[in-house]
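Heads up: the structure comes next, in structure tokens.
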2 protein chains.
Amino acid sequence: MRPTVHDVASEAGVSLATVDRVLNKRAGVRSATVARVEAAIARLGFVRDISAANLAKQRVYHLAFIIPEGPNAFMRGLEHELEQLKLRSALDRTEIRILKVPPFDSAALASALESLDTSVVSGVALVATESAATREALARLWQANIPIVTLVSDMPGSRRDHYVGIDNVAAGHTAARLIGRFVGPRPGRIALVAGSMLVRDHVERRMGFDQVIRAEFPNLHCLPVLEGRDDAAITGKVLAECLAAAPGVVALYSIGAGNRGVIEVLSGTPAYRDIVVVAHELTDHSRKALRDGLFDAVINQDAGHEIRSAIRLLKARIDGTDIIDGQENIRIEIYLRDNLP
Amino acid sequence: MRPTVHDVASEAGVSLATVDRVLNKRAGVRSATVARVEAAIARLGFVRDISAANLAKQRVYHLAFIIPEGPNAFMRGLEHELEQLKLRSALDRTEIRILKVPPFDSAALASALESLDTSVVSGVALVATESAATREALARLWQANIPIVTLVSDMPGSRRDHYVGIDNVAAGHTAARLIGRFVGPRPGRIALVAGSMLVRDHVERRMGFDQVIRAEFPNLHCLPVLEGRDDAAITGKVLAECLAAAPGVVALYSIGAGNRGVIEVLSGTPAYRDIVVVAHELTDHSRKALRDGLFDAVINQDAGHEIRSAIRLLKARIDGTDIIDGQENIRIEIYLRDNLP
DNA sequence: CTGAAAGCGCTTACAG
DNA sequence: CTGAAAGCGCTTACAG
């Protein structure tokens, strides 16, 4: 049998209340007593039963998720996963609150962060948009000892405990190799369509893509990046113009969330059907494009996994427990039409 | 506040013990009383707190994992994940027992299953090898109402609750498309190296591979399957003979666990370096081959995910709780040198 | 600075 | 067939 607080108490010759004080690092215990209890804990190899503690405490984890509003299908996917979990959240004493903010708007993000009541919220996950205001808002939470996790889009150097998402430079490398290998030795140009070059993940993917194309596929050449603002209409327009103007485009890398616009343009013109296309994020549209042979590969990060991982990470920091690294590592998933989940 | 057993008891006008009897479907309650309690549960929307129940019960989950012994790196990976979890298993009231059996030996598997004490074990996961004896052994467990999960290798039609692993036909499709696209339009032959054509997963991968090559890549032609018994020396020998005898091999599909033998042969002869290679399972050897450019892609299933999923599925059946489908879906992962985890 | 007692939401003998 | 009381491993007022 595992030792319990009772065992520790009698081993240390103190009461349960005192063991509890030491266990939870509460003030007001003589240091000699603390030492006695800690020695007993070590001797017995005591590990506290978190679910019993949570039961006694009637602990509820109040987690806030801040994600961009708008039509971005991937963000809606994250929201959908959150909603699913909310339905069963009472089961695990978890209260999830979703705050939606305008996309690409760091001021709105900062004020959402400022609106959080640090006496209520026990952990925060956010899709980051960088700015000084965001940084300061995070610093406030940090000072209140509230665990913070960035989701999908990171903010290195800020007060966050973890980043839950993929390595976007490596994702760019991956896209480049797929395109380079699928196109083969023939020469040609590559069209790049991003949402905005102000967003860190798009910049990183593009950078990674460029590196591998330059270094390993000298037959290919990248055109300047088109910015479609993750909007189908704008994306379609700029892409159509680009393809009409630039001959010899053999491949296309869709960096952001503008897949619907890309699909419309490509499926509208028979001559474009041979273009090798690699896009990001598995959605209804990109799945269909993959099945129809319009897209050749889709690079994905699993929204469900990311949400569950963010929750596990926040709870682990709240409880002071360990995590399993492999479980929290978000993979750069490659999908062809054959291995769709 | 969520309703508790106390609320249900007073709502139904019975005692806690009676609520508990109804909740756990224990016999010896008048059906009128059962109805009253069930009505109260429905009216209140009561959902029982499993961790409180487990605390009161002092429940321990006794899970048995049966996996093949021997040098197969993937199986050793599964075992490693299990050992990692055992270190922290006391934390979640889970006792994991690993039984190792000779590979490809259904008689040994069956007797391992027969050795399990149904009064102790609460759930079983096994890497299946098909046979009548295995089937009967599983039927015994099924009769004792013990949840069963097949791992990595399935046994359709047997008494198992779930299969935790990939769709191997789809994995074969995926390998075929990668090879077809990477090779491009030039004609050539494909060497196939499996462990044994008596193992269901290898047969299925091969079948899926063949389907896609025939239907979509008429420039390519599959050679007869070589059987290396998942042994480096045997694999190396048969592959070397095959490549020496058959000219025009442009690609190789390593279906089973014989990657070390494949690597030795390919890296030993400069002329073989251009062969497009797709292999299964990420191990130290296959990672290195990918980085060195010897392998072009590796198809993987995540051993850690599979172990965690098997445990979640068994516990859910034991507790009678729901699962999240997306979380238990094992992906056909594609790795290039760029997206290695 | 420390302890005795009650309670978190369940289950389990034991009595009747 | 049903209920009162104690207990699972922890925490929390309240007293001293």
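Using a/c under 1.5 as the rounded threshold, could you call region B:168-300 rounded, prolate or oblate? The axes a ≥ b ≥ c are square roots of the C-alpha gyration tensor eigenvalues, and prolate needs a/b larger than b/c, oblate otherwise. It is rounded, given that a/c, with a ≥ b ≥ c, falls under 1.5. Centroid-to-centroid, using Cα positions, region A:245-302 and region B:185-235 are 30 Å apart.
What separates the A:Asp161 label point from its copies, with the point 7 Å along Cα to Cβ, is 3.2 nm, written shortest first.
When both bridge partners sit in chain B, DSSP labels roughly 10% of those beta bridges antiparallel. Averaging Cα coordinates gives a centre for region B:1-26 and one for region A:1-44; these two points are 36 Å apart. FRET efficiency for the pair A:Arg140 and A:Ala107, taken as 1/(1 + (r/R0)^6) with r the Cβ-Cβ distance and R0 = 22 Å, rounds to 0.90. Highest GNM mean-square fluctuation among B:Arg30, B:Arg214, B:Arg93, for chain B modelled with Cα contacts below 10 Å: B:Arg30.
Within the protein assembly as shown, the proportion of C-alpha pairs whose separation exceeds 47 Å stands at 27%. When B:Asp284 is represented by a point 7 angstrom out along its Cα-to-C-beta vector, the spacings to that point in the other copies are 4.8 nm, nearest first.
For chain B, averaging the sequence separation of C-alpha pairs within contact (under 8 Å, six or more residues apart) and dividing by the residue count gives a relative contact order of 13 percent. Going from the fewest other Cβ atoms within 10 Å to the most, the residues B:Lys25, A:Lys288 appear in the order B:Lys25, A:Lys288.
I'd like the orientation of helix B:168-183 relative to chain B: the angle between its Cα long axis and the longest Cα principal axis, in ° from 0 to 90, rounded to 10. Tilt of helix B:168-183: around 30 degrees. Go ahead and set up a Gaussian network model of chain A, Cα springs under 10 Å, then flag whichever of A:Ala245, A:Ala137, A:Ala125 fluctuates most. Result: A:Ala245 has the largest fluctuation of those listed. When chain A is modelled as a GNM with alpha-carbon springs shorter than 10 Å, which of A:Thr118, A:Thr321, A:Thr129 fluctuates the most? Most flexible of the set in this elastic network: A:Thr321. Placing a pseudo-label 7 Å from each Cα along the Cα-to-Cβ vector at B:Leu23 and A:Asp284 gives an inter-label distance of 4.1 nm. Quick check: the angle from helix B:259-268's long axis to the longest principal axis of chain B, C-alpha only, nearest 10 degrees? The helix B:259-268 is inclined about 20 degrees to chain B.
Taken as Cα centroids, region B:64-82 and region A:61-94 sit 36 Å apart, rounded to the nearest whole angstrom. Could you work out how far apart the two model spin labels at B:Ala53 and A:Arg88 are, taking each label as a point 7 Å from the Cα in the direction of the beta carbon, and quote it in nm? Spacing of the two 7 Å Cα→Cβ label points: 1.4 nm.
Counting every other Cβ atom within 10 Å of each residue's Cβ, A:Ser115, B:Ser254 order from fewest to most as A:Ser115, B:Ser254.
Only helical runs count toward this figure. For chain B, summing -39,500 (n - 2.57) over DSSP H runs of n ≥ 4 and dividing by all residues gives -14500 deg cm²/dmol at 222 nm.
Cα-based values for chain A, radius of gyration first and Dmax second, are 25.0, 84 Å. Between copies, the label points of B:Pro270, set 7 Å from Cα on the Cα→Cβ line, lie 4.8 nm apart, reported in increasing order to one decimal in nanometres.
The angle separating the long axis of helix A:73-87 from the principal Cα axis of greatest extent in chain A is about 30 degrees.
Where a number appears in this text, it was derived from the coordinates with a stated rule and is not lab data. Keep in mind that this is a model prediction, so the values were computed, not measured. Heads up, the Cβs are rebuilt from the backbone with ideal geometry, glycines too, and the neighbour counts pull from every protein chain shown.
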